[in-house]
Amino acid sequence: MQLPIPLVTTQWLADHLGEPELLIFDTSVHLAHKEGGGYLPQSGRDNFNHAHIPGAQFVDLIKELADPDTNIPFMMPKAERFRDILQGYGVRNESALVFYNDGIPMWSTRAWWMFR
């Protein structure tokens, strides 16, 4: 399956829910204010467990799609790790991927960039 354009509308997504080659991922990350300044990233998995687009899966940008061998947050994982995680979610060359998140869209944008 190939997406018609890089950004799809909610109507397009609704019309294609359930298609076998379409994989939908919630990539939500929430930023909590840290005492003393700055932010602490937190997984959006709890919100996903409460409600999500039908058929969507949650991929954790903090724990899964980050390099566990560095203390620098959100570093791109090694290619082998990235591949193995994606295969675990059913991603194949034929897959069409749609990313979304709640809040500021930088998280779904990040996931899109990583997959590119």
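Here is how the numbers come out for the structure above:
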{"quantity": "Residue satisfying all of: in region 10-44; in a helix (DSSP H, G or I) and open to solvent by less than 90 Å² (accessible area, probe 1.4 Å); nearest to PHE74 (Cα to Cα) among these", "calculated": "LEU13"}
{"quantity": "The one condition in (1) aliphatic (A, V, I, L, M); (2) open to solvent by 70 Å² or more (accessible area, probe 1.4 Å); (3) farther than 17 Å from ARG116 by Cβ that LEU7 fails to fulfil", "calculated": "(3)"}
{"quantity": "Residue check, ALA66 open to solvent by less than 50 Å² (accessible area, probe 1.4 Å), free of Cβ contacts under 8 Å to residues at least 12 places away in the same chain, in a loop (DSSP other than H, G, I, E, B) and closer than 15 Å to TRP107 by Cβ", "calculated": "yes"}
{"quantity": "Members of region 1-31 that are of a type in the set (Gly, Ala, Ser) and either farther than 16 Å from ILE104 by Cα or at pLDDT below 95 (or both)", "calculated": "ALA14, GLY18"}
{"quantity": "Inter-residue pairs, beta-carbon under 6 Å, first farther than 20 Å from PRO77 by Cα and in region 91-116, second modelled with pLDDT under 95 and open to solvent by 60 Å² or more (accessible area, probe 1.4 Å), 6+ apart", "calculated": "ALA96/MET1"}
{"quantity": "All positions within region 77-104 that are in a loop (DSSP other than H, G, I, E, B), open to solvent by less than 80 Å² (accessible area, probe 1.4 Å) and within 18 Å of SER43 (Cβ to Cβ)", "calculated": "PRO77, TYR89, ASN101, ASP102, GLY103"}
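The values are calculated or read from the model by the stated rules, or taken from the named source; none is laboratory data. Computed from a predicted structure; not experimentally measured. Because the Cβ atoms are built from the backbone with ideal geometry, glycine has one as well, and the counts that use them run over all protein chains shown. Side chains are part of the model used for accessible areas, which takes the heavy atoms of the whole protein and leaves out ligands, DNA and RNA. Shrake-Rupley method; radii C 1.70, N 1.55, O 1.52, S 1.80 Å.
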